[in-house]
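Worksheet for the structure shown next.
Nothing in this text is a laboratory measurement; each read-out follows from the coordinates by a stated rule. None of these values were measured; they are calculated from a predicted model. A quick note on method: Cβ atoms are made from the backbone with ideal geometry, for glycine too, and the neighbour counts reach across all protein chains shown.
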Amino acid sequence: MEKLSGKDKELIRGSWESLGKNKVPHGVIMFSRLFELDPALLSLFNYNTNCGSTQDCLSSPEFLDHVTKVRSLSHKCIYRGNELVNTINLYLASQVMLVIDAAVNHLDDLHSLEDFLLNLGRKHQAVGVSTQSFAVVGESLLYMLQCSLGQAYTAALSQAWLNMYSIVVAAMSRGWAKNGEDKAD
């Protein structure tokens with residue numbers, strides 16, 4: 001597993017310091033962008049609620065349950081006037097944000113997340129997520145960072161996050177491929 005430079009780690013930690021305290025709205029921005037970039041991904045969320053549109057899916061109780069795990073301690077209304085953020089402010093923080101949080105908290109030893117990330121890749125392969133979708137998630141991550149950090153979002157910061165995300169995706173992709181091999185046996 002690759003390693004990050006000291007500068008990359010510093011940039012990632014510094015930017016995550018504020019974002020990591022309020023994961024839910026940032027996760028919503030990321031998923032909104034993900035569905036905007038690849039609306040076909042909505043079909044992976046087969047819930048009782050009709051997920052015919054991004055808004056339908058994002059407001060679905062089943063989707064909110066999928067993207068949430070730990071209680072958010074603070075709330076900031078990202079979408080002014082949008083009831084969605086107000087609806088989820090008492091929900092739990094996004095799963096994807098927890099993976100990001102875990103990676104940020106293990107920047108000095110990303111290798112310790114290897115088994116977790118391999119398993120996550122297997123799970124995504126099992127539900128029909130393609131490895132090409134990982135790139136769209138990465139683009140959505142960078143979009144969320146840009147929206148959330150504003151002028152603090154720089155080219156160097158973007159590259160640092162991309163470097164970390166590439167390491168995470170490489171491990172998930174190995175798990176994804178391994179799961180496919182196991183199914184073929």
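Measuring r between the beta carbons of E36 and K123 and using R0 = 25 Å, the FRET efficiency lands at 0.55.
Spin-label model, T131/D109: points 7 Å from Cα along the beta carbon direction are separated by 2.9 nm.
The length gained by stretching the chain between L44 and S5 to full extension, at 0.36 nm per residue less their Cα-Cα distance, is 10.5 nm. A Förster radius of 35 Å combined with the Cβ-Cβ distance from S18 to K178 puts the calculated FRET efficiency at roughly 0.45.
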